[in-house]
Amino acid sequence: MDQVLRIVFCNGQVSERRGDDDQVAALFAADAGGLIDYVIALDLISGACAFFTDATDHRFDAEIVLKLEF
């Protein structure tokens, strides 16, 4: 599914690109230095938003994310 990925790094820098869930998984798999803090993915069709973090990071487990309706 086509998404906008907002990649937030531990040093505060932010990068945005288009991608999908597989690309998010590949980003975390390649991040051996632990530079990525979290990724927010916004689905362009449904407006659904999801947080992705390292498997050991539980900061967003209880978060409720708003779904944007257009």
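The values are calculated or read from the model by the stated rules, or taken from the named source; none is laboratory data. These figures come from a predicted structure and were not determined experimentally. In case anyone asks, the SASA skips ligands and DNA or RNA and just uses the protein heavy atoms, side chains included. Shrake-Rupley method; radii C 1.70, N 1.55, O 1.52, S 1.80 Å.
What the table shows:
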{"read-out": "Extended-chain gain in nm, criterion 0.36 nm per residue less alpha-carbon gap, F9 and L44", "value": "10.3 nm"}
{"read-out": "For the chain, alpha-carbon Rg over 2.2 N^0.38 Å", "value": "1.09"}
{"read-out": "Accessible surface, the chain, averaged per residue in Å² (probe 1.4 Å)", "value": "70"}
{"read-out": "With every protein chain in place, the range 21-60: carbon and sulfur % of accessible area (1.4 Å)", "value": "62"}
{"read-out": "With eigenvalues of the C-alpha gyration tensor scaled by 5 and rooted, the range 1-42, Å", "value": "17, 12, 6"}
{"read-out": "Cα-based helix-to-principal-axis angle, 21-30 vs the chain, degrees rounded to 10", "value": "10"}
{"read-out": "Computed over the chain: relative contact order in percent, which uses C-alpha pairs under 8 Å that are six or more apart", "value": "30"}
{"read-out": "CD proxy at 222 nm, helix term only [per DSSP H run n ≥ 4: -39500 (n - 2.57); per residue of the chain; nearest 500]", "value": "-4000 deg cm²/dmol"}
{"read-out": "Within a Gaussian network of the chain (alpha carbon springs, distance under 10 Å), most fluctuating of V24, V14, V39", "value": "V14"}
{"read-out": "Part-to-part distance (alpha-carbon centres) for the range 38-63 and the range 6-37, which is given in Å", "value": "12"}
